[in-house]
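A quick write-up on the structure given underneath.
No value in this document is a laboratory result; all are computed from the given coordinates. The model shown is predicted, which means the values in this text are computed figures rather than measured ones. When we count neighbours, we look across all protein chains shown, and the Cβ atoms used for this are built from the backbone with ideal geometry, even at glycine.
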Amino acid sequence: MSEKGLTTIALKKINRSKIYQYIYRSKLTSKLQIVQDLQMGLSTVSQNLNLLENEGLIEKNGYFDSTGGRKANAIQIVSDFRISIGVGILKNMFHITAIDLYGNTICTDTIPLTYSNTAAYYQQLTDKVKDFIEKNQYLEDKILGVSIATQGITSPDNTTVIYGNIMNNTGMRLKDFSRHLPYPCHLEHDSKSAAFLELWNHPELDSAVVFLLNRNLGGAIITNHQIHQGCSMHSGTIEHICINPDGPLCYCGNRGCLETYCSANSLEQASGMAVKEFFPLLREKKSPQLIQIWEDYLKHLAFAMKNLNLVIDAPIIISGYLAPYFTEDDTDYLLRQINSMTPFELKEEQILVGTHGQYTPAIGAALFYVEEFIHSV
């Protein structure tokens, strides 16, 4: 093929991609709006819209109000043209979710399964993933991939867990899962997956500090609109910041880590009850003991937030399992505590609260394949 022919094909591909991504960002648009905003010819836009519609990537959905002439078709992407599967692994269970191309949750489930670094475990988990897909009648060619979030720092190439003291899963490999699944597979640290979800939900943020308030505490740093990994992949491990050298023993072997004060496990240990029981009783405001436990929790959290904000001047995101339990009073209390200890006042709008709860890492993991797909069209 001639150089001119190759150039023409490349240009057509670029135009197609620009139009699809414009529709994706706009959510709902018209042919004329695409022509105007992308400064493309009407015939070029029409040809590409026909092509994208024939491929099943976009669809017409009603009409815009008339401005005097013929009503314009409302155009949108087909959000479930492809779906991505996310898995969040914990010690005694795993969360699984399916999301569409906008990151919306289509289906979720929590499946009991005790982790062990054995072939039998990986076979059982992947069999249950396939059962989830079959039960929901997702066609194989519709699935972009299966992305797995685990409690453990992964290698730079995301093939192996290099530090996994919580689950004792150091050495867990991506191929332990992928060999049993007919889909592309990805492995990620659960904290990084959670941060990716929060960045997806807050695309205006350039930088942020993410507190993942799960059974075990986690964290991540966002800088320049990217999740910071660090030289050895442990950037953002705020759970191991020491706030009391004589404090409780942490799973890392040291004492007084933030993990021992601000994880969901530590809250349950202090209160002697499950999180789902603790918060309804707390909100009744009849138990001074529970109120004190929660205030102590928030004070330790505020102490860490204040110090990290001095290092990284950016919004703070509360994410994960405990996030949906936070009320406006709680964030106001955090803000007062932070601002009473720092020369640099943190503003109300700089504390953000996630909404996806325990499924945060699984959803964040699934977004890996969604983003890859959107930029490949």
Among 145, 256, 272, the residue with the largest mean-square fluctuation in a Gaussian network model of the chain built from Cα contacts under 10 Å is 272
Cross-link reach from residue 12 to lysines, straight Cα distance under 19 Å and at least 8 residues apart if same chain, gives 4, 31
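Rounded to the nearest 500 deg cm²/dmol, what is the calculated helix-only ellipticity per residue at 222 nm for the chain, with -39500 (n - 2.57) per DSSP H run of length n ≥ 4? Write out the running numbers ahead of the final one.
Numbers: 12 runs with 151 residues, N = 377.
Dividing the helical sum by the residues of the chain leaves -12500 deg cm²/dmol.
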Whole-Å distance linking the alpha carbon centroid of the range 255-301 with that of the range 307-377 is 19
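From the P(r) of the range 41-97, could you give the percentage of C-alpha pairs in the tail past 18 Å? Don't jump to the answer; show the numbers that get you there.
Values: 917 of 1596 pairs.
Value for the range 41-97 (Cα pairs over 18 Å): 57 percent.
Step by step: find N for the chain, compute 2.2 N^0.38 Å, then divide the Cα radius of gyration by it. What's the final number? Display every interim value, and only then the final one.
Details: Rg = 23.5 Å, N = 377, 2.2 N^0.38 = 21.0 Å.
Computed over Cα atoms of the chain, the ratio equals 1.12.
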Nearest 10, in degrees from 0 to 90: the angle of helix 42-54 to the longest Cα principal axis of the chain is 60
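At a threshold of 8 angstrom on Cα-Cα distance, excluding pairs fewer than six apart, so keeping six or more, what relative contact order does the range 110-213 reach in percent? Display every interim value, and only then the final one.
Details: 112 pairs, mean separation 26.6, N = 104.
Relative contact order for the range 110-213 comes out at 26 percent.
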Cα-only Rg/Rh for the range 49-181 with Kirkwood Rh rounds to 1.16
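Taking the DSSP beta bridges in the chain as the whole, what percent of them are antiparallel, to the nearest 5? Let's see the in-between values first.
Details: 31 of 49 bridges.
Expressed as a percentage, antiparallel bridges in the chain total about 65.
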dims of the range 215-307, Cα set, principal axes, largest to smallest, nearest Å -> 48, 32, 22
Mean-square fluctuation maximum in Gaussian network of the chain, Cα pairs under 10 Å, restricted to 30, 287, 17, hits 287
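If we sort 153-161, 215-223 on the protection proxy, mean other Cβ atoms within 10 Å, highest first, what's the order?
Details: 153-161: 17.4, 215-223: 24.6.
Packing proxy ranking, top to bottom: 215-223, 153-161.
What trypsin sites (Lys or Arg not before Pro) does the range 276-377 have in DSSP loop regions with at most 11 other beta carbons within 10 Å? Working shown, then result.
On the way: sites: 276, 283, 285, 286, 299, 306, 336, 347; in loops: 285, 286, 347.
In loop regions of the range 276-377 (DSSP not H, G, I, E or B), the sparsely surrounded trypsin sites (Lys or Arg not before Pro) are 285, 286, 347.
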Against the 2.2 N^0.38 Å rule of thumb, the C-alpha Rg of the range 1-102 sits at a ratio of 1.42
What the 10 Å binned alpha carbon P(r) of the range 98-153 shows, as percent of pairs per bin from 0, is 17, 52, 28, 3
Nearest 10, in degrees from 0 to 90: the angle of helix 288-311 to the longest Cα principal axis of the chain is 60
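Under the rule that an exposed site lies in a DSSP loop and has at most 11 other Cβ atoms within 10 Å, name the longest stretch of the chain with no GluC sites (Glu not before Pro) of that kind, not counting the sites themselves. All intermediate terms of the calculation are to be shown ahead of the outcome.
Working: sites that count: 204, 284, 345.
The reported range is 1-203.
Rounded, prolate or oblate: which one fits the range 13-60, using the alpha carbon gyration tensor with axes a ≥ b ≥ c (rounded when a/c is under 1.5, else prolate when a/b beats b/c, else oblate)?
On the way: a/c = 1.42, a/b = 1.14, b/c = 1.25.
Since a/c stays below 1.5, the shape of the range 13-60 is classed as rounded.
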